[in-house]
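Novice: Dropping a structure here in structure tokens format, bear with me for questions.
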Amino acid sequence: MFDLTVLGGGPAGYTAAIRAAKLGMSVLLAECGETGGTCLNRGCIPTKCLLHSSGLYASRTAWAECGVNAENVAFDENAAYLRKDGIVASLRGGVEKLLNACGVKTVRARGKIVSPHTVEAGGEIFESRRILIATGSRPSLPSVKGAENFLTSDDVLAGPLADGGTVIVGGGVIGTELACYFAETGRDVTVLEYADRLLPSFGKEISAQLAASLRRKGVKICTSARVTEVGKEYAVYESGGQTLRAEGAAVVAATGRKVNAEDIGLENIGLPAAPVSVNADMMTAAEGVYAAGDVTGGIQLAHYASACALKAVGHMAGKPCGVDLATVPSLVYTSPEIVCVGRTADAAKTGKFMLGANGKNLVNGSNRGFIKIYCDDKDTIVGAEAFGDGVTELAGELTLAVSRGLSAEQVASVVHAHPTLYESVAEACGDVYGLATHKL
């Protein structure tokens, strides 16, 4: 009998398996696909690989100013995809080595729960004291005429699309990142978003700034657009009382994700159809059965899934994990990048610093963006936003400040190295009480 059986080998699944094994548990991991799940194979990592390539190509217009002169610069998309595949394979192999080194038994099959302490996988029956459901999610398609003609993010990341324009239905994180990649590599791009602005779950200033940036790249943005029909090379939509048509060589759906919970035996343990509900310790209503990650229907982010897995395993082992699940940073890897963490509405005080006044930002060839700090009436930092080139690397300090309830003065009082991008965090915090050094 295993101490723990994990269904799914994505960020939640493999994190749980490794942590449990390190805590002395015997662990079985059932995964029918690639180790690493969506994030590593069809999401976070491959997307960022391609965005790095497109960003390098797009930066060619600024090379001469930096003293670099080159002619006939071309973008080899096949090479970019090969590099992406190599990085993904390397990271996947690394995770598999970790699982093996920790003594985790891996079964290359989809696991199905037979009872609260029994799992079937690959035609075998395994007994287990506990089960963790971490089967993740997959792209969701809008219910419109011709939906079968949509490509998904999985299709886009599998290999280069045919030459020509691209219509993207959905202006959230996935849609805007793909729009950035396609635009930077020379395609005509149209984004159709149902809400009245891009990134509707982010602040209005962030949405407006990103829309302006994408438009400068040549992206056509149509908000308040309701798509009614899709063909292989077109999308029909309604906006402003008109019926309009967007055309391209491909139509990509970027309208969210749905949980993977079919045929995993939820009915055998008395659980309703997914998403799988859990309590604060990631326990389901079935004895000994836990769940973590996208399958729970909560925040669909890899780092949140991993954190939930650590929380679950800590509870199983009687060694509570103090991870703060209430403070989760959201990042967007467009150009410029975006960070949002904590509460960014109805703040008592705010501080803001424009990255055009940051030396390292200018050295790196950028003069755009900002960092904004949100505080309560006691100057405690309750939220933060950042918009600019490279700002995703600031997410750690901003999240730590919110999670630990630090005041703007406490963060500003820490010596921040110069010249760095992150010293702008101290400037924004200083601006909360009017003492930013490089702001009038």
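The values are calculated or read from the model by the stated rules, or taken from the named source; none is laboratory data. Everything numeric here is computed off the predicted structure, so don't read it as measured data. Here the Cβ positions follow ideal geometry from the backbone for every residue, glycine too, while neighbour counts run over all protein chains shown. With ligands, DNA and RNA removed, areas are computed over all heavy atoms of the protein, side chains included. Shrake-Rupley method; radii C 1.70, N 1.55, O 1.52, S 1.80 Å.
Novice: From the helices alone, meaning DSSP H stretches of at least four residues, give me the mean residue ellipticity at 222 nm for the chain, per-run term -39500 (n - 2.57), in deg cm²/dmol to the nearest 500.
Specialist: About -9500 deg cm²/dmol.
Novice: Hey, another quick one. Quote the convex hull volume per residue of the chain, based on C-alpha atoms, as a whole number of Å³.
Specialist: 168 Å³
Novice: Karplus couplings for the stretch 424-433 from phi (6.51 cos²θ - 1.76 cosθ + 1.60, θ = phi - 60°), rounded to Hz, Gly and Pro as x?
Specialist: 5, 5, 5, 5, 5, 5, x, 5, 4, 10
Novice: Cα axis of helix 173-184 to longest principal axis of the chain: angle in degrees, 0 to 90, nearest 10?
Specialist: 50 degrees
Novice: When the gyration tensor of the stretch 59-191 is built from Cα positions, what are the square roots of 5 times its three eigenvalues, in whole Å, from largest to smallest?
Specialist: Rounded to whole Å, the semi-axes are 41, 23, 12.
Novice: Turning to a different aspect of this structure: Taking the Cα atoms only, what angle lies between the long axis of helix 77-101 and the longest principal axis of the chain, rounded to 10 degrees?
Specialist: With rounding to tens, the tilt is 40 degrees.
Novice: Next up: Using only the Cα atoms of the stretch 205-303, what are the Rg and Dmax in Å?
Specialist: 20.1, 55
Novice: Turning to a different aspect of this structure: Determine, from the Cβ-Cβ distance of Ala101 and Thr243 and an R0 of 60 Å, the FRET efficiency 1/(1 + (r/R0)^6), rounded to the nearest 0.05.
Specialist: Plugging the Cβ-Cβ distance into 1/(1 + (r/R0)^6) gives 0.55.
Novice: Additional query: Short version: ³J(HN,Hα) in whole Hz for each residue of the stretch 316-323, in order, from phi by Karplus 6.51 cos²θ - 1.76 cosθ + 1.60 (θ = phi - 60°), x for Gly and Pro, what are they?
Specialist: 4, 7, x, 10, x, 9, x, 4
Novice: Related question: Within the stretch 304-344, what residues put their amide N at less than 15 Å from the label point 7 Å along the Cα-to-Cβ vector of Arg129?
Specialist: The answer is 313-320.
Novice: May I pose another question? At 7 Å along the Cα-to-beta-carbon direction for both Ala345 and Asp196, put a label point, then send me their distance in nm to one decimal.
Specialist: Taking the simple label geometry, Ala345 and Asp196 are separated by 1.3 nm.
Novice: Please identify which residues in the stretch 8-31 have an amide N closer than 15 Å to a label point set 7 Å out from the Cα of Val323, following the Cα→Cβ vector.
Specialist: 9-23
Novice: Here is a follow-up. What is the extension gain from Lys232 to Ser143, computed as 0.36 nm multiplied by their sequence separation minus the C-alpha to C-alpha distance, in nm to one decimal?
Specialist: 30.5 nm
Novice: If r is the Cβ-Cβ distance from Arg404 to His438 and R0 is 35 Å, what FRET efficiency results, to the nearest 0.05?
Specialist: Plugging the Cβ-Cβ distance into 1/(1 + (r/R0)^6) gives 0.85.
Novice: Could you check how much of the accessible area of the chain is carbon and sulfur, as a whole percent, using a 1.4 Å probe?
Specialist: C and S atoms contribute 51 percent here.
Novice: Along the stretch 147-153, what does the Karplus equation 6.51 cos²θ - 1.76 cosθ + 1.60 (θ = phi - 60°) give for ³J(HN,Hα), rounded to whole Hz, x for Gly and Pro?
Specialist: 4, 5, 8, 5, 9, 10, 4
Novice: Give me, ordered by chain and number, the residues 5 or more places off Thr106 or on other chains with an amide H under 5 Å from its own placed amide H.
Specialist: So Thr106 has HN proximity to Leu29.
Novice: Please give the per residue volume of the convex hull enclosing the alpha carbon atoms of the stretch 316-413, rounded to a whole number of Å³.
Specialist: So the per-residue Cα hull volume is 128 Å³.
Novice: For His418 and Leu91, compute 0.36 nm times the residue count separating them, minus their Cα-Cα distance, and round to one decimal in nm.
Specialist: Roughly 114.4 nm would be gained on extension.
Novice: Under a crude label model (7 Å from the Cα following the beta-carbon direction), how far is Ala273 from Ser59 in nanometres?
Specialist: 4.8 nm
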